[in-house]
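Presented below is the structure to which this report refers.
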Amino acid sequence: MLFPEFLYAQLITTPPVPTASLSEQTVIITGANRGLGFETAKHVARLGAAKLILAVRSTSAGEVAKTAILKANPSKSIEIEVWPLDMSSYASIKTFAQRAETLPRIDALVNNAGIATFTYTRAEENESTITVNLVSTFLLSLLMLPKLRESAEKFGTTPRITMIGSEGQNWVQFNERKARDGAILETLNDKATADMENRYFLSKLLVMYCVRELAAQMDKSANDSSKGRPVILNCAAPGYCATGLTHEKSDSLQIKIMEKVLARHVEVGSRCIVSGVVRGQESHGQYLSECKVKP
């Protein structure tokens, strides 16, 4: 999406309210206690999901979110559980995935959890943004993939994995791709040259690259292509929303002006995420913006 298109989308268009049924489905949402994850969870409950797993770093905050979601949907019969998950810890991700294997079924995994920091730190030997937004997100997805495939076969469904994208991926510089000997990750981890101002958007570009590659690998591994893909993987962009993600620069006049003029309410942005959860085969390996597939 070009910048003029982005401005038009932010200022003129409004993503539609999701209406598809999620009846009998089990949905997992990471980072679901606030912001886009919380609003996405409220939509999932409204659409009739049978079970909702709030995967959060703080279980106390998750319990507060659970209460609010149930209060917002008093007429819905839904089971909500709060599970601990720290995306900066591979051990936590593995423990979470092992627990998820005990569920009767999983119909959707929404990889909402992410960070936007302007300060260089490390987690699991990589710069933290790369660890949380990229490596950990795909580690969780790959560990969950066998259970999603099992659910597809057992219940005759088509589970989804939805990543969170950003329009900023279209404008960010990716100079690290020129790294000598293809050492892109090592270059990204170099504190001396790390461009933290643009790191969040770059992480989202890398997410989209990995979505395309993993989707292609999933297709290659399908035993019977005539039956369709057993799991759909896509990347949905919510647009620019006032989520508090850039809290490190909450005092920035530029951020305040942008949020006032351009930002969507998080509920409106979450509609775009839900569109990824309910889209069909045409979204596999694709980028979704404004609830539409955008090559």
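Between amide H atoms placed 1.01 Å from N, distances below 5 Å from Gly285 occur with Leu233, Asn234, all of them 5 or more places distant or on a separate chain.
Across Ile161, Ile12, Ile78, mean-square fluctuation computed from a Gaussian network of the chain (C-alpha pairs under 10 Å connected) peaks at Ile12.
Cross-linked pairs Lys71/Lys260; Lys51/Lys94; Lys147/Lys220; Lys66/Lys204; Lys178/Lys292; Lys42/Lys256: Cα-Cα separations exceed 23 Å for Lys71/Lys260; Lys66/Lys204; Lys178/Lys292; Lys42/Lys256.
Accessible surface computed residue by residue for the chain, with neighbouring protein chains in place and a 1.4 Å probe, gives 48 Å² per residue.
Taking the DSSP beta bridges with both ends in region 3-279, the antiparallel portion is around 10 percent. Working from Cα pairs under 8 Å separated by at least six residues, relative contact order for region 3-279 is 22 percent.
Note on Phe155/Leu185: beta-carbon distance plugged into 1/(1 + (r/R0)^6) with R0 of 45 Å gives a FRET efficiency of 0.75. Residues Cys291, Cys272, Cys210, sorted by accessible area with the largest first, give Cys210, Cys291, Cys272 [1.4 Å probe; ligands and nucleic acids excluded]. For the chain, what % of the accessible area comes from carbon and sulfur atoms, probe 1.4 Å? Ligands and nucleic acids excluded, carbon and sulfur reach 53 percent.
The values are calculated or read from the model by the stated rules, or taken from the named source; none is laboratory data. The structure presented is a predicted model; accordingly, all values stated were derived computationally and were not measured. Ideal geometry is used to build each Cβ from the backbone, glycine not excepted, and the neighbour counts take in all protein chains shown. The area values use the complete protein model at the heavy-atom level, side chains included, leaving out ligands, DNA and RNA. Shrake-Rupley method; radii C 1.70, N 1.55, O 1.52, S 1.80 Å.
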